[in-house]
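Undergrad: After the structure tokens below, expect a handful of questions from me.
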Amino acid sequence: MTSAAPVKTQYEAVIGLETHCQLKTTTKIFCSCATDFGAPPNHQVCPICMGMPGVLPVLNQKVLEYAVKAGLALNCQIASYSKFDRKQYFYPDLPKNYQISQYDLPIAEHGWLEIELVDAAGDPCHKKVGITRLHMEEDAGKLVHGGSDRLSGSTYSLADFNRTGVPLCEIVSEPDLRSGAEAAEYAQELRRILRYLGVCDGNMQEGSLRCDVNISMRPVGQTKFGTKVEIKNMNSFNAIQRAIDYEIERQTEALECGELIIQETRLWEEGTQQTISMRVKEGSSDYRYFPEPDLCAIELPAEQLVQWQSELPELPAHKRHYYETELGLSAYDARLLTDDRVVAEYFESTVVAGGNPKQAANWIMGDITGYLNNHKLSITELALQPQGLAELIVLIENSTISSKIAKDLLPELLSRGGSAKEMVERQGLTQIADPGTLTTMINEVLLAHPQELEQYRNGKTKLQGFFVGQIMKKTGGRAEPKITNQLLVQKLKG
Ligand SMILES: [Zn+2]
């Protein structure tokens, strides 16, 4: 009797993200210090954000507005009553020795965010990711660890408190994600939404958007969570995806070898493409939260909520859906065009002005994006207005100009703007589509190249391209290609 081989346990990853987003306010959360990135160290500080005794914080209204708008866009329930709490911990970049945050009554809870994925068959599919909570808090300062001091030989660290009190919004997801790709897509969609709202610039290199990942593995079918590991220090979507995929592999191998996963914080190392252990968690920290006595509780009037709700822009997912179903664009094009709100708005204005959607998408994603990248410009700085682009597209569509001429006109239109129609009229670039005129020109060209004509008639038919080239040269590229080719073939065949 042979016994069946033991079935290998299949594991699945359980992943949740905690995202810290810096809110794009001009001043800090509880004082009027500026929030500009890159200012000289300790030039944007005051007694309040330096935690001097006897000072009183006052909540920046914009912070509340931005947090509520983010909560609404993430389908959260907005708390009609919310408050701030003190989270006590000591760290040299935290001058007060506590952080003002929100604990048991966050401003928003119980939301969701839908992400677009590709299934195993390569077809697009959607997944809803739960949002546990969203709360407001202040950022800490920054420590710069120096080398050794030349005189004393001792090592030192410098503290920069410019960032202390910069407003943050922490967004915690449910552990609904299952792979690095899903987590990266979640983070990207979250950033798109925050950027559409104008509440966060989403610049990961400057730390305006920071993601911490919680990840554990469990046998497929088991509901209980495994021991979770936290990964920090990822400053790109690519890093999030790779760090998670690395960790899934590491934890799966460990479990298959019968090892225990240790609850710890790990760092993503870009150089080696690995996560490394940073510190082992010894139980959950006791932050001794208590209500912040220097700030009033937040009672949000219903009218205020209605007002902010009415100010929300159309969100990227809605735009993507509209582009695909109503404008006939591919999922890929819709995704690319809606990634940045100003690009999407430029595209939509072009369509409203009469430009064919597919053509408008091609011009914007092709030549226009190339021009913007080369000149380090935003589409809002482009001299060519959507109306002008729409005109150009119409001129090609109704065969007034060839697409070759359109490409020739584009550099001037991009840099100086103006009307494509006027430009075409002024420079006499209208396409020649009149069969009589074209026939005359074709006859002239054939007469001027008797040798090539003979070769063609002896079977060298690829010379057709040569003749088309000659006609284009003669007309400055203005001959309508389709009619020209038809007439030319007739003539060539004699
Ligand atoms: Zn300040």
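Readers should treat all values here as calculations from the given coordinates under stated rules, not as data from a laboratory. These figures come from a predicted structure and were not determined experimentally. For neighbour counting, all protein chains shown are included, and Cβ atoms are generated from backbone atoms with ideal geometry for every residue, glycine included.
Undergrad: For the range 459-481 and the range 43-105, what is the separation of their Cα centres, given in Å?
TA: With the range 459-481 and the range 43-105 each reduced to a Cα centre, they are spaced 70 Å.
Undergrad: Which is farthest toward the positive dipole end of the chain among 94, 300, 200, measuring Cα position about the Cα centre, with Cβ charges +1 (Lys, Arg) and -1 (Asp, Glu)?
TA: It is 200.
Undergrad: Turning to a different aspect of this structure: Collect residues whose amide H, placed 1.01 Å from N in the peptide plane, falls under 5 Å from the amide H of residue 234; neighbours closer than 5 in sequence don't count.
TA: Distant-sequence amide H within range of residue 234: 211.
Undergrad: While we're here: List the residues, sorted by chain then number, that are 5 or more residues from residue 384 or on another chain and whose placed amide H is less than 5 Å from its amide H.
TA: Result for residue 384 returns 417.
Undergrad: Rule-of-thumb check for the range 70-225: C-alpha Rg over 2.2 N^0.38 Å?
TA: 1.29
Undergrad: Turning to a different aspect of this structure: Using Stokes-Einstein with the Kirkwood hydrodynamic radius over Cα pairs, what translational diffusion coefficient do you get for the range 204-357 at 25 °C and a viscosity of 0.890 mPa s, in µm²/s rounded to a whole number?
TA: Approximately 120 µm²/s, per Stokes-Einstein.
Undergrad: With θ set to phi - 60°, apply the Karplus curve 6.51 cos²θ - 1.76 cosθ + 1.60 along the range 110-115 and write out the HN-Hα couplings as whole Hz, x wherever there is a Gly or Pro.
TA: Those phi angles translate into 6, x, 7, 9, 9, 10 Hz.
Undergrad: For every helix of n ≥ 4 consecutive DSSP H residues, a contribution of -39,500 (n - 2.57) applies; sum these over the chain, divide by its total residues, and give [θ] at 222 nm rounded to the nearest 500 deg cm²/dmol. Working shown, then result.
TA: Values: 16 runs with 184 residues, N = 494.
Mean residue ellipticity at 222 nm (helix-derived): -11500 deg cm²/dmol.
Undergrad: Turning to a different aspect of this structure: Between beta-carbons, use under 13 Å as the cut-off and find the net charge around residue 465, counting Lys and Arg +1, Asp and Glu -1.
TA: +2
Undergrad: Loop-only check: which GluC sites (Glu not before Pro) in the range 170-235 are DSSP coil with at most 13 other Cβ within 10 angstrom? Walk me through the numbers on the way to the answer.
TA: Values: sites: 170, 182, 185, 189, 206, 230; in loops: 206.
Those satisfying the criteria are 206.
Undergrad: A follow-up question, please. Would you kindly work out the equivalent ellipsoid of the chain from its C-alpha gyration tensor and give its semi-axes, the square roots of five times the eigenvalues, largest first in whole Å?
TA: 57, 31, 23
Undergrad: OK, next. Can you list the residues of the range 453-485 with backbone N under 14 Å from a point 7 Å past the Cα of residue 434, pointing along Cα to Cβ?
TA: 479-480, by backbone N distance to the label point.
Undergrad: If you take the beta carbon distance between residue 303 and residue 32 as r and set R0 to 25 Å, what does 1/(1 + (r/R0)^6) give as a FRET efficiency, to the nearest 0.05?
TA: The formula returns an efficiency of 0.40 here.
Undergrad: Work out from phi, with θ = phi - 60° and the Karplus expression 6.51 cos²θ - 1.76 cosθ + 1.60, the ³J(HN,Hα) of each residue of the range 69-76, listed in order in whole Hz, and give x for Gly and Pro.
TA: For the range 69-76, the Karplus-derived couplings read 4, 4, x, 5, 5, 9, 6, 8 Hz, x marking Gly and Pro.
Undergrad: Then there is this: How large is ³J(HN,Hα) for each residue in the range 169-177, as worked out from phi by the Karplus curve 6.51 cos²θ - 1.76 cosθ + 1.60 (θ = phi - 60°), to whole Hz, x for Gly and Pro?
TA: 10, 9, 10, 10, 8, 6, x, 9, 8
Undergrad: Please list, by residue number, everything in the range 233-251 whose backbone N is under 19 Å from a paramagnetic label point 7 Å out along Cα→Cβ of residue 179.
TA: 237-251
Undergrad: Any idea how far apart residue 340 and residue 7 come out in nm if each label point goes 7 Å out from Cα toward Cβ?
TA: 5.1 nm
Undergrad: Using Cα atoms only, what is the angle between the long axis of helix 435-448 and the major principal axis of the chain, expressed in degrees (0 to 90) to the nearest 10?
TA: So the helix axis and the longest Cα principal axis differ by about 70 degrees.
Undergrad: Would you report the distance distribution of C-alpha pairs in the range 435-492 as whole percents per 10 angstrom bin, up to the bin with the largest distance?
TA: Bins of 10 Å from zero give 24, 62, 14 percent of pairs.
Undergrad: When the C-alpha atoms of the range 80-153 are aligned to their principal axes, what extent does each axis show, in angstrom, from largest down?
TA: 65, 40, 12
Undergrad: Here is a follow-up. Taking +1 at the Cβ of each Lys and Arg and -1 at the Cβ of each Asp and Glu, which of 431, 354, 15 sits farthest along the dipole of the chain towards its positive end, judged by Cα position relative to the Cα centre?
TA: 431
Undergrad: Would you mind getting me the FRET efficiency between residue 273 and residue 489? Use the beta-carbon distance for r and R0 = 45 Å, nearest 0.05. Numbers along the way, then the final one.
TA: Values: r = 58 Å, r/R0 = 1.29.
That pair, residue 273 with residue 489, gives E of 0.20.
Undergrad: DSSP loop GluC sites (Glu not before Pro) in the range 286-348 with at most 16 other Cβ atoms within 10 Å of their Cβ, which ones?
TA: Those satisfying the criteria are 311, 314, 326.
Undergrad: Considering the Cα trace of the range 43-127, what is its radius of gyration and what is Dmax, both in angstroms?
TA: Cα radius of gyration and Dmax of the range 43-127 are 19.0, 63 Å respectively.
Undergrad: Find, to one decimal place in angstroms, the Kirkwood hydrodynamic radius of the range 113-152, where the mean of 1/r is taken over every pair of different Cα atoms and then inverted.
TA: It works out to 15.7 Å.
Undergrad: In addition: Report the Cα-based extents of the range 314-427 along its three principal axes, largest first, to the nearest Å.
TA: Principal-axis extents of the range 314-427 (Cα, largest first): 43, 32, 19 Å.
Undergrad: Then there is this: Could you pull out the trypsin sites (Lys or Arg not before Pro) across the range 413-494 that fall in loop regions by DSSP (anything but H, G, I, E, B) with no more than 16 other Cβ atoms inside 10 Å?
TA: Working: sites: 416, 421, 426, 457, 460, 462, 473, 474, 478, 482, 491, 493; in loops: 460, 478, 493.
Passing sites in the range 413-494 are 460, 493.
Undergrad: For the range 353-491, would you read off the P(r) tail past 21 Å as a percentage of all alpha carbon pairs?
TA: More than 21 Å apart: 50 percent of the Cα pairs in the range 353-491.
Undergrad: Tell me, what is a quarter of the convex hull surface for the C-alpha atoms of the range 1-87, in nm² with one decimal? Spell out each step's value before the answer.
TA: On the way: hull surface 49.2 nm².
Taking a quarter of the hull surface, the average projection is 12.3 nm².
Undergrad: Nearest 10 degrees, 0 to 90: what angle lies between the long axis of helix 403-416 and the longest principal axis of the chain (Cα atoms)?
TA: The angle comes out at about 50 degrees.
Undergrad: May I pose another question? Calculate the FRET efficiency for residue 151 and residue 42 from the Cβ-Cβ distance with a Förster distance of 30 Å, rounded to the nearest 0.05.
TA: 0.85
Undergrad: Determine the dipole magnitude for the chain: charges of +1 sit on the beta-carbon of Lys and Arg, -1 on that of Asp and Glu, nothing else is charged, the reference point is the Cα centre, and the result goes in debye to the nearest 20.
TA: Dipole magnitude for the chain comes out near 1340 debye.
Undergrad: So what's the Cα pair-distance distribution over the range 322-389, bin width 10 Å, in %?
TA: That works out to 21, 61, 17, 1, in percent per bin.
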